[in-house]
1. Since Ser94 meets every condition but one in (1) in contact with a helix residue (DSSP H, G or I) (Cβ under 6 Å, 6 or more places away or on another chain); (2) within 27 Å of Asp27 (Cα to Cα); (3) crowded, with 18+ Cβ neighbours inside 10 Å, which condition does it not meet?
2. Name the one entry in Lys53, Lys39 that is out of contact with any Ser or Thr (no Cβ under 7 Å at 6 or more places or on another chain), more than 14 Å from Phe102 (Cβ to Cβ) and either surrounded by 14 or more Cβ atoms within 10 Å (Cβ to Cβ) or not β-branched (Val, Ile, Thr) (or both).
3. Which residues, taken from region 56-71, are part of a loop (DSSP other than H, G, I, E, B) and either of a type in the set (S, T, N, Q) or open to solvent by less than 20 Å² (accessible area, probe 1.4 Å) (or both)?
4. If you go through region 1-36, how many residues are exposed (fewer than 12 other Cβ atoms within 10 Å of the Cβ), among the small types (Gly, Ala, Ser) and in a loop (DSSP other than H, G, I, E, B)?
5. For residues that are aromatic (Phe, Trp, Tyr) and not in a strand (DSSP E or B), scanning just region 89-108, find the one that is farthest from the chain's Cα centre (by Cα).
6. For region 1-51, what are the residues that are of a type in the set (A, V, I, L, M), touching a residue at least 60 places away in the same chain (Cβ under 8 Å) and farther than 27 Å from Ala85 by Cβ?
7. Please state which one of Lys74, Lys111, Lys86 is open to solvent by 50 Å² or more (accessible area, probe 1.4 Å), touching a residue at least 60 places away in the same chain (Cβ under 8 Å) and in a strand (DSSP E or B).
Amino acid sequence: MKSEPESRIIKGIDVKFSIDDLQAMPDATSQWDGVRNYKARNYLRDDIKRGDKVLFYHSNCKVPGIAGLAIVTKEGYPDYTAFDAKHPYYDPKSSTDAPKWFMVDVKFERKFDRILPLAEIKQHNLLKEMALVKQ
C-alpha cells in the first residue's frame, strides 16, 4: 500500500499520510482512500481480503521504501472520496450507482526500525518478481 509521508497540498488539503499517521488513528485503523490507478483499484476491489498483511510503502519522498506492515480489516468497498467535489480525490466520472474507485481499511501492525529503500529491495534476487520491484 503506497502512502505519502511528506506534505502535498491538493485543493487546499494536505494529503500526507505516513505509517506514523496510521498508528496515531483511533484503533490504529484507517481507510486507504484516494487510489487512482486501475491496476491497484482492481486489486483492492477484487483480490485483497480481510486479514491480508500489506507492506506500508512511503512514496513521493526523498527515500521511497517500505516503512512497516499493516493488516486489512475491511475488504474493498466504494471510495466515497471520489463522490465529493470538494475532496482532493474527487472524480466526476465516479458515482454511487457506478463507483469507479475502491478502498480498503487497514490497521497498523508494525513500524520498521528503518525505511527499507526501494533501491535496496531491488538488489535482492528473491524479490525480483514482487509487484513493487517490477513496476
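The values are calculated or read from the model by the stated rules, or taken from the named source; none is laboratory data. Keep in mind the model is a prediction, meaning the values are calculated, not measured. Positions of Cβ are generated from backbone atoms using ideal geometry, with glycine treated the same way; all protein chains shown enter the neighbour counts. With ligands, DNA and RNA removed, areas are computed over all heavy atoms of the protein, side chains included. Shrake-Rupley method; radii C 1.70, N 1.55, O 1.52, S 1.80 Å.
1. Tallying (1) in contact with a helix residue (DSSP H, G or I) (Cβ under 6 Å, 6 or more places away or on another chain); (2) within 27 Å of Asp27 (Cα to Cα); (3) crowded, with 18+ Cβ neighbours inside 10 Å, Ser94 fails exactly one: (2).
2. Lys53
3. Step one: of region 56-71, the residues part of a loop (DSSP other than H, G, I, E, B) are 59-64.
If the condition is that a residue be part of a loop (DSSP other than H, G, I, E, B) and either of a type in the set (S, T, N, Q) or open to solvent by less than 20 Å² (accessible area, probe 1.4 Å) (or both), then Ser59, Asn60 are the ones that fit.
4. Pass one, region 1-36, residues exposed (fewer than 12 other Cβ atoms within 10 Å of the Cβ): 7, 9, 11-12, 24, 26-27.
If we keep only those that are among the small types (Gly, Ala, Ser) as well, we get 7, 12, 24.
If we keep only those that are in a loop (DSSP other than H, G, I, E, B) too, we end up with 7, 12.
Final tally of qualifying residues: 2.
5. Looking only at region 89-108, we keep the residues that are aromatic (Phe, Trp, Tyr), and these are 89-90, 101-102, 108.
Filter again for not in a strand (DSSP E or B), leaving 89-90, 101.
Numbers: Tyr89: 13, Tyr90: 17, Trp101: 13 Å.
The residue in question is Tyr90.
6. Just the residues of region 1-51 that are of a type in the set (A, V, I, L, M), to begin with: 1, 9-10, 13, 15, 19, 22, 24-25, 28, 35, 40, 44, 48.
Of the ones still in play, those that are also touching a residue at least 60 places away in the same chain (Cβ under 8 Å) are 1, 10, 13, 15, 19, 22, 25, 28, 35, 44.
If the condition is that a residue be of a type in the set (A, V, I, L, M), touching a residue at least 60 places away in the same chain (Cβ under 8 Å) and farther than 27 Å from Ala85 by Cβ, then Ile19, Ala28 are the ones that fit.
7. Working: Lys74 fails: touching a residue at least 60 places away in the same chain (Cβ under 8 Å); Lys86 fails: in a strand (DSSP E or B).
One residue alone meets the criteria, Lys111.
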